[in-house]
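Notes follow the structure.
The values are calculated or read from the model by the stated rules, or taken from the named source; none is laboratory data. Keep in mind that what you see is a predicted model, and the values were worked out from it rather than measured. Ideal geometry is used to build each Cβ from the backbone, glycine not excepted, and the neighbour counts take in all protein chains shown. Only protein heavy atoms, including side chains, enter the accessible area calculation; ligands, DNA and RNA are left aside. Shrake-Rupley method; radii C 1.70, N 1.55, O 1.52, S 1.80 Å.
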Amino acid sequence: MKKIAMMLAALLTISLSACSQGNNKENKQMKKVLVAYFSASGVTEGVAKQLAEVTGGELHKIQPEQPYTDADLDWRDKNSRSSVEMQDKKSRPAITNKLANMQDYEVVYVGFPIWWYTAPTIINTFLESYDFKGKTVIPFATSGGSSIKKACEDLKAAYPDVNWKEGKLLNRASKQELDTWVKGL
């Protein structure tokens, strides 16, 4: 009886040790994720919310200090706010609700609608507001007809020190498609 009790105690100790090591390994692999997004019409916001669910990441809305009106977003009007901002490569629209804990995140997904084939200038404001050293940054976008290719090229050229991963256009992406994309990164 004593031998059986000792064997059971030994097996229990080994099992707990193995489980503990497995959990430590999983904890080391788990990275704190942020899904930051700018959405003018709500389309990018919908994708960002699903992406946050899939990644287990925290959601952060990049909010302009001065909200965009429908007139501001009229791309056919060369004098609209968005048209003027996109013509000026130095434009940096002010943002509110800055993150106090950006240092906590290791992976940052940055989402936006494609404007004039690239990221809206408010994304530059966001990227220039924080230190991305040691972080992995993954762009995602929505668009009515443009690809994300030029936006990714522009971001990589403007911020060469950022550890960029391949971006993706996520129009009407299902959770399953998002999950497959995230796991493939």
Task: Per-residue ³J(HN,Hα) for region 39-56, Karplus 6.51 cos²θ - 1.76 cosθ + 1.60, θ = phi - 60°, Hz, x for Gly and Pro - done: 9, 8, 10, x, 5, 5, 4, x, 5, 4, 4, 5, 5, 4, 5, 5, 8, x
Task: Within straight-line cross-link reach of K98, aspartates and glutamates at Cα separation under 20 Å, skipping those fewer than 8 residues along the same chain - done: E45, E58, E65, E106, E128, D131
TODO: Hey, can you grab everything whose amide H is under 5 Å from the amide H of Q63? Only 5+ residues off in sequence or another chain; H modelled, so Pro and N-termini drop out.
DONE: T96
TODO: For K150, list the aspartates and glutamates whose Cα falls under 15 Å from its own Cα; do not include residues on the same chain fewer than 8 positions away.
DONE: E166
- [ ] Compute the signed sum of charges (Lys and Arg +1, Asp and Glu -1) over the other residues within less than 13 Å, Cβ to Cβ, of H60.
- [x] +1
TODO: Could you sort 95-108, 36-49 so that the peptide with the highest average Cβ count within 10 Å comes first and the rest follow in order?
DONE: 36-49, 95-108
Open item on the list: I'd like the distance separating the alpha-carbon centroids of region 48-66 and region 68-82, in whole Å.
Closed with: 24 Å
Open item on the list: Checking the table K78/K175; K32/K90; K90/K183; K133/K168; K49/K135; K49/K78 against a 26 Å threshold on Cα-Cα, which pairs fail?
Closed with: K78/K175; K32/K90; K90/K183; K49/K78
Task: Charge context of W75, other residues only, Cβ under 14 angstrom, K/R +1, D/E -1 - done: -2
Task: For region 23-148: accessible area per residue (Å², 1.4 Å) - done: 53 Å²
Open item on the list: As a test of the definition: which semi-axes, in Å, follow for region 32-185 when you take the square root of five times each eigenvalue of its alpha carbon gyration tensor? Largest first, please.
Closed with: 23, 18, 15
Task: Peptides 66-74, 137-145, 114-122 ordered by average Cβ neighbours within 10 Å, highest first - done: 114-122, 137-145, 66-74
